[in-house]
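J.: The structure follows.
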Amino acid sequence: MYGGSSRYSEVKGTKILRVDPSSPDADLIRVAADVIRRGGTVAFPTETVYGLGSDALNPEAVMKIFKAKNRPLDNPIIVHICRFRDVNLLASNIPRRLDILAERFWPGPLTVILKASDIVPRVTTGGLDTVAVRMPRHRVALALIRESGTPIAAPSANLAGRPSPTSDRHVIEDLAGRIDVILAAGSTPVGVESTVIDMTGKTPTVLRPGGVPVEDLRAVLGRVNIHPSILSRGLMEPEKPLSPGMKYRHYAPRAEMVLVEGEDGSVIKKIRELIDEYVVQGKRVGVLTFDENLDAYSRAIIKSLGSRRQPETAARRIFNLLREFDREDVDVIIAEGMPEKGLGLAVMNRLRKACGYNIIKV
Ligand code: TXA
Ligand code: MG
């Protein structure tokens, strides 16, 4: 699909620049940064997922992101920085505790919601008076932001509603022909998006579980709330979403999907029954399971998120496996749940959203 080893290629008019993730080529970063400075769009790797970036302070440039992704205009975009002092440019009333958070988790997969300064265009914040700020730790991301000389607005580089992109291949699938440049650097190491924490209220509140476990945030901040829509297991839709992104269907594969949660033995039994039912209906079935249960199923396309005890592996694999099922054209995906410890909370949140809260409890 694209020129494997060559540094430059083009797909449908989108330039693909192949960079070394551990030591990004300065000349390619310069080409991409020029595009950002001129108001264009560049997809780039972060440690979580690929982002689709443009100059966060240029409203026309940010509009191009919404257009390329088909993203609803009220869904705000995270602003990425490469040095701590830029927070002062983007935010006002900065809580003192931000220092401790940044010290411990930046650069890294943590996004902080703060009161926005006047310099941030309202199209970037989806019309809100708050701004989401993050300092990623991927070398390519940091080099691009530094070289651009401006904060970079970047949502995940997928078409709205699709699983987030964890490799350049996913970005090309969704966005070739819709954006100017893709900085291609293989797979992203964390695999789920950043944890979003709202620091504007009295008690810090996690709006999206992600790459930084809630347990780690509590170790640093003490009391941290988790937004009820995350814990409700999707049985209730949030009435008034705090994070606009909460209300849209997300991470969805093209296939129908169902998540089976409960005690291991009952989950296996239920999934075997479901496979039988779907196969009788002539459907092509995919099962998303864990290494421990790989031998429990037959008559289905089986994929593993790794060991149930290794949520980091599940995080790294989840979005790629959802896209693989699509490429293999399954009609239905049956997924197993996992414990919500550490990154397990983020993985379960993505699975519940991916299936549109189509959950069977056993
Ligand atoms: O890891 C990540 O966070 C990736 C990489 C590229 O940095 N970005 C990412 O962006 O996942 P996106 O747009 O796909 O998800 C950002 C989430 C959305 O749910 C959005 O609604 C929420 O953060 N968000 C952004 N700004 C917000 C704000 N001011 N208040 C509340 N939620 C906000
Ligand atoms: Mg996204």
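J.: Cβ contacts < 7 Å: first residue assigned to a loop (DSSP other than H, G, I, E, B), restricted to region 171-183; second residue of a type in the set (A, V, I, L, M) and open to solvent by 10 Å² or more (accessible area, probe 1.4 Å), any location; separation 6+ or different chain. Result?
T.: Matching pairs, first to second residue: A176/V11; D180/V35.
J.: Ok, one more. Can you list the helices (runs of 4 or more DSSP H) found entirely within region 14-99 that contain at least 1 residues being within 16 Å of ligand 2 (Cβ to nearest atom) and within 15 Å of A116 (Cβ to Cβ)?
T.: The qualifying helices (runs of 4 or more DSSP H) are 59-69.
J.: Kindly indicate whether D34 is farther than 29 Å from P163 by Cβ, more than 14 Å from ligand 1 (Cβ to nearest atom) and without any contact (Cβ under 8 Å) to a residue 60 or more places away in the chain. Walk me through it before giving the result.
T.: Values: farther than 29 Å from P163 by Cβ: yes; more than 14 Å from ligand 1 (Cβ to nearest atom): yes; without any contact (Cβ under 8 Å) to a residue 60 or more places away in the chain: yes.
Against the criterion (farther than 29 Å from P163 by Cβ, more than 14 Å from ligand 1 (Cβ to nearest atom) and without any contact (Cβ under 8 Å) to a residue 60 or more places away in the chain), D34 qualifies.
J.: For region 126-142, enumerate the residues that are open to solvent by less than 10 Å² (accessible area, probe 1.4 Å) and within 16 Å of ligand 2 (Cβ to nearest atom).
T.: Across region 126-142, the qualifying residues are R134, P136, A141.
J.: Got a number for residues in region 145-170 being away from ligand 2 (no atom under 12 Å from the Cβ) and assigned to a strand (DSSP E or B)?
T.: Qualifying residue count for the region: 3.
J.: Go through region 59-78 and give me each residue that's open to solvent by less than 40 Å² (accessible area, probe 1.4 Å) and either among the aromatic types (F, W, Y) or over 23 Å from F319 (Cβ atoms) (or both).
T.: If the condition is that a residue be open to solvent by less than 40 Å² (accessible area, probe 1.4 Å) and either among the aromatic types (F, W, Y) or over 23 Å from F319 (Cβ atoms) (or both), then A61, V62, F66 are the ones that fit.
J.: Additional query: Can you tell me which residue within region 36-58, out of those that are surrounded by fewer than 23 Cβ atoms within 10 Å (Cβ to Cβ) and not polar (S, T, N, Q), is nearest to G149 (Cα to Cα)?
T.: R37
J.: Check whether at least one residue in region 1-8 is out of contact with any helix residue (DSSP H, G or I) (no Cβ under 6 Å at 6 or more places or on another chain), open to solvent by less than 30 Å² (accessible area, probe 1.4 Å) and touching a residue at least 24 places away in the same chain (Cβ under 8 Å), and report yes or no.
T.: no
J.: Can you tell me which condition V279 does not meet? The list is (1) open to solvent by less than 50 Å² (accessible area, probe 1.4 Å); (2) under 27 Å from P165 (Cα atoms); (3) without any contact (Cβ under 8 Å) to a residue 60 or more places away in the chain, and all the others hold.
T.: Result: V279 passes all but (2).
J.: Further question: Report every pair of residues separated by at least 6 positions or lying on different chains whose Cβ atoms are under 6 Å apart, first residue within region 289-304 and open to solvent by 70 Å² or more (accessible area, probe 1.4 Å), second not small (G, A, S) and not in a helix (DSSP H, G or I).
T.: Cβ pairs passing all conditions: E292/R308.
The values are calculated or read from the model by the stated rules, or taken from the named source; none is laboratory data. None of the values given here were measured: they were computed from a predicted structure. Positions of Cβ are generated from backbone atoms using ideal geometry, with glycine treated the same way; all protein chains shown enter the neighbour counts. Ligands, DNA and RNA are excluded from the accessible area calculation, which covers all protein heavy atoms including side chains. Shrake-Rupley method; radii C 1.70, N 1.55, O 1.52, S 1.80 Å.
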